[in-house]
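*Asks:* Dropping a structure here in structure tokens format, bear with me for questions.
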């Protein structure tokens, strides 16, 4: 079979390349692959940490906004609240914050008004505009809604992601970030910042 020099040379070259291939595969598996896996793992961890930091930063900003709205609303008269609320909601100019408002308990803001919330939401042009749906006769009582009760139940907790809001004529993908507040043992209401769930 290997009688000629050419056949012996060819067999030797094939054996050499097979051995070289086996050594290359072994070196890759032993030295290169673990480094690649380690580098990939570190890169993924870094990206996850970076995303998590961004989310925490956004949540902290929203919590700061809600606290500012809560504290400001408790010392302002009704007309001033309606004037300054859009500025407070938009203070970071973050379009991820869909909107925000105050939702007083019945007859607390104005003894003559059972429904007297102030809510501003972003329109298609990303501008805040007043949304009076929950004050209308067609709307159910907002303080009886699950999203309102969830916000009030979290009065001593930090901001948290709540269930999606329904019946608000807004995108179904919107979720609420609730921060309830009790002022001097009287329910002032709860504020809701809504942001698109895809961000989180």
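The numbers here are math on the coordinates, done by the rules we state, and not lab data. Model, not experiment: these values are computed from the prediction. FYI the Cβ positions are ideal-geometry reconstructions off the backbone, even for glycines, and counts take in every protein chain you see.
*Asks:* Once you put a point 7 Å from the Cα of residue 129 and another 7 Å from the Cα of residue 13, both along the Cβ direction, what distance in nm separates them?
*Replies:* 7.8 nm
*Asks:* Hey, can you rank 3-16, 77-90 by average C-beta count inside 10 Å, highest first?
*Replies:* The peptides rank, most packed first, as 77-90, 3-16.
*Asks:* Which order results if 142, 92 are arranged by neighbouring Cβ count within 10 Å, fewest first?
*Replies:* Ranking 142, 92 by Cβ neighbours within 10 Å, fewest first, gives 92, 142.
*Asks:* What would the Debye equation give as log₁₀ I(q)/I(0) for the stretch 1-99 at q = 0.18, 0.19, 0.21, 0.25 Å⁻¹, counting only Cα atoms as equal point scatterers?
*Replies:* Log10 of I(q)/I(0), two decimals: -0.92, -0.96, -1.03, -1.18.
*Asks:* A follow-up question, please. What nm value, rounded to one decimal, do you get for the distance between residue 21 and residue 5 when each label is placed 7 Å out toward the C-beta?
*Replies:* Label-label distance for residue 21 and residue 5, simple model: 2.8 nm.
*Asks:* Full extension from residue 60 to residue 84: what is 0.36 nm times the residue separation minus their Cα-Cα distance, to one decimal in nm?
*Replies:* Here the segment from residue 60 to residue 84 would lengthen by 6.5 nm.
*Asks:* Separate question: Take the Cβ-Cβ distance between residue 149 and residue 94 as r, set R0 to 22 Å, and report the resulting FRET efficiency rounded to the nearest 0.05. Can you show the working numbers first?
*Replies:* Details: r = 27 Å, r/R0 = 1.22.
Rounded to the nearest 0.05, the efficiency is 0.25.
*Asks:* What is the Cα centroid distance between the stretch 1-77 and the stretch 84-147, reported in whole angstrom?
*Replies:* Going from one Cα centre to the other spans 45 Å.
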